[in-house]
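Down below is the structure, laid out as structure tokens.
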Amino acid sequence: MQESLAVSFRVVLAFLLAVAGGLVSALVGISHQRLCRLISLAAGTLLGVTLFSILPESAASMNWWELGIALASGYAVFFLISRYVYHVCPACAASHFDEATTHRFSEIATALIVALAVHSTMDGVALAAGHEVSRTAVHEGRGKPDLSVLLAVCVHKLPEGLALGALLLGAGFKRKNAVAWVAAVEATTILGGVLGLWASHAVSTFWLDAVLAHAGGGFVFLAAHAVLGEMVKHSKPVIVIHFVVGMAMIALLNLVVRAL
């Protein structure tokens, strides 16, 4: 029961942050320059949590080749969706959503919603699996509570909601309808949390680590796609600085937790 409440808190918090981003877009708006800084910061946290939390945790119960397959599968899923369906993350590809894209939004809406729903579902699964893997590690005496996945996903959700809300407004949606659509799409984060919570009781520790590593592969894709995409059209030093700060946040969090 306690684990269910903990996972529920995590996925609902992530969902609310995404909706808050959509609400800010609808009511206040945000410049593309500021959005890109947030995107780069979030990308750094996603790569940081993969390098400093997910890989060490998963490597404890997996061989190197098993870990490699899990990471590659997560990367491949997001790559294939972005290539053949639509950008899996509107925030990570913010510079691709120009005025022409928003005006033909009706043509791409279904593909975008499907892609983002898969992405958000994976966020929820990662939150649930990350909590369970951390809890198991603490119980077995080989680790301490780890909030890195929660921090990375939450930092990423705000610009995700901002970008999606801005895209919907640019496509002509009314403010309340734009926020409603952001909430509807991002609700799949909660669905992912439910699936992850179910899996935590139905599969072994090995498969939980594999699921977490799979999510980490997706995070690597999002981080790389976000940074490379923004560096093409914006100031490289600004993008790199915010990206490094995001990674440093996760590294510092891990150092602090381990020192306690």
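Is there a residue in the range 67-76 that is surrounded by fewer than 18 Cβ atoms within 10 Å (Cβ to Cβ), without any contact (Cβ under 8 Å) to a residue 40 or more places away in the chain and either more than 23 Å from Phe173 (Cβ to Cβ) or among the basic types (Lys, Arg) (or both)?
For the range 67-76, residues surrounded by fewer than 18 Cβ atoms within 10 Å (Cβ to Cβ), without any contact (Cβ under 8 Å) to a residue 40 or more places away in the chain and either more than 23 Å from Phe173 (Cβ to Cβ) or among the basic types (Lys, Arg) (or both): present.
Are there helices (runs of 4 or more DSSP H) fully within the range 148-260 with at least 1 residues that are under 19 Å from Glu57 (Cα atoms)? List them.
Helices (runs of 4 or more DSSP H) meeting the threshold: 148-170, 188-202, 205-233, 236-259.
Can you report the number of residues in the range 9-30 which are more than 13 Å from Leu158 (Cβ to Cβ), surrounded by fewer than 22 Cβ atoms within 10 Å (Cβ to Cβ) and at pLDDT 90 or above?
2
For Ser61, work out the one condition from (1) more than 22 Å from Val245 (Cβ to Cβ); (2) in contact with a helix residue (DSSP H, G or I) (Cβ under 6 Å, 6 or more places away or on another chain); (3) modelled with pLDDT of 90 or more; (4) polar (S, T, N, Q) it doesn't fulfil.
(3)
Give the range 133-147 a look and list any residue that's outside any helix (DSSP H, G or I) and either touching a Cys at 6+ places or on another chain (Cβ under 6 Å) or modelled with pLDDT under 75 (or both), or say none.
Glu140, Gly141, Arg142, Gly143, Lys144, Pro145, Asp146
Can you spot a residue in the range 70-90 that is more than 22 Å from Trp207 (Cβ to Cβ), charged (D, E, K, R) and either part of a helix (DSSP H, G or I) or modelled with pLDDT under 85 (or both)?
yes
Select from the range 1-33 the residues that are under 16 Å from Thr121 (Cβ atoms) and among the aromatic types (Phe, Trp, Tyr) and list them in ascending order.
If the condition is that a residue be under 16 Å from Thr121 (Cβ atoms) and among the aromatic types (Phe, Trp, Tyr), then Phe15 is the only one that fits.
Across the range 166-222, what is the number of residues that are among the polar types (S, T, N, Q) and touching a residue at least 40 places away in the same chain (Cβ under 8 Å)?
4
Would you confirm, using the coordinates I've provided, whether Ala224 is at pLDDT 80 or above and surrounded by fewer than 24 Cβ atoms within 10 Å (Cβ to Cβ)?
Yes: the conditions hold for Ala224.
If we scan the range 31-46, do we find a residue that is more than 14 Å from the chain's Cα centre (by Cα), in contact (Cβ under 8 Å) with a residue 12 or more places away in the chain and surrounded by fewer than 17 Cβ atoms within 10 Å (Cβ to Cβ)?
yes
The values are calculated or read from the model by the stated rules, or taken from the named source; none is laboratory data. Just so it is clear, the model here is predicted, and its values are computed rather than measured. Methodologically, a virtual Cβ is constructed for each residue, glycine included, from the backbone with ideal geometry; neighbour enumeration extends over all protein chains shown.
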